[in-house]
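The block underneath contains the structure these notes are about, expressed in structure tokens.
The values are calculated or read from the model by the stated rules, or taken from the named source; none is laboratory data. Remember, predicted model here, so these are calculated numbers, not experimental data. Using ideal geometry, Cβ is built from the backbone for each residue, glycine included, and neighbour counts are taken over all protein chains shown.
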């Protein structure tokens, strides 16, 4: 029989986003292959392929991608401070998976007249979102049982003067922005947590000031210039928090810099999710 209390512990564990990693502890190839198997074999509507998984267990590759993961808000209107943002170190684990939603090559949904829905039928994106969420949760649950910590990330390919770096690196640019057949969704970092350290501390000393997330940033003033999505750029600066106590952003706001990278946590707050019996 299932150990219900143990299952609850796994769920509580994967609610918590891990921000630091111990790279001295190896991840066996058997574990990597198993977690990829879980990702590939998660259930989906009509058993269609609504996503692909891009992954790496190569520290050099993962760290390269990590450089363009800006967007974890440090300050802004919510705490009455000038806007600033961190990279997302939860993705910088020993194994990284990126879930890319796509139009499946099959068509197993029917329209009300009996015809098959086209693969690019807009409501089918909903099927893709559910499929990715299901797979992501199952991988996290499997990783927890193997003893690993996890952290989800949505800030993919973001940061100052990032020219769709992830999309180009992975060969996805045209499918996403020209053909509109794919979407980068969530990334997932998996690995061993650093022992004896709060999960919300990071080893990264760089902080972007002048922006509260990673969307369309630039280290220079780009005026009214917009990207292919028609998004306007916002100027910002990157500072090393170990070099000074304060820094001024391009808008003249003075930032009091933290002594170390500490991220907000939210799992201590209640959520208004109800379970309502249908009678």
Could you tell me whether any residue of segment 237-246 is in a loop (DSSP other than H, G, I, E, B), out of contact with any strand residue (DSSP E or B) (no Cβ under 8 Å at 6 or more places or on another chain), without any contact (Cβ under 8 Å) to a residue 60 or more places away in the chain and under 20 Å from residue 79 (Cβ atoms)? no
Qualifying residue in segment 18-33 (condition: closer than 25 Å to residue 167 by Cα, modelled with pLDDT of 95 or more and out of contact with any strand residue (DSSP E or B) (no Cβ under 7 Å at 6 or more places or on another chain)): yes
Just to be sure I understand the filter: pairs with C-beta atoms under 7 Å, separated by 6 or more residues or on different chains, first member in segment 25-53 and on the phi > 0 side of the Ramachandran plot, second member assigned to a loop (DSSP other than H, G, I, E, B) and at pLDDT below 95. Which pairs pass? 46/108; 46/109
Residue pairs, Cβ under 9 Å, 6 or more apart or interchain, first in segment 71-82 and in a helix (DSSP H, G or I), second crowded, with 20+ Cβ neighbours inside 10 Å. List them. 77/83; 77/212; 78/212
Of the residues 43, 89, 104, only one is at pLDDT 95 or above, touching a helix residue (DSSP H, G or I) at 6+ places or on another chain (Cβ under 8 Å) and buried (at least 20 other Cβ atoms within 10 Å of the Cβ); which? 89
Could you tell me whether any residue of segment 102-117 is in contact (Cβ under 8 Å) with a residue 60 or more places away in the chain, touching a strand residue (DSSP E or B) at 6+ places or on another chain (Cβ under 9 Å) and part of a strand (DSSP E or B)? yes
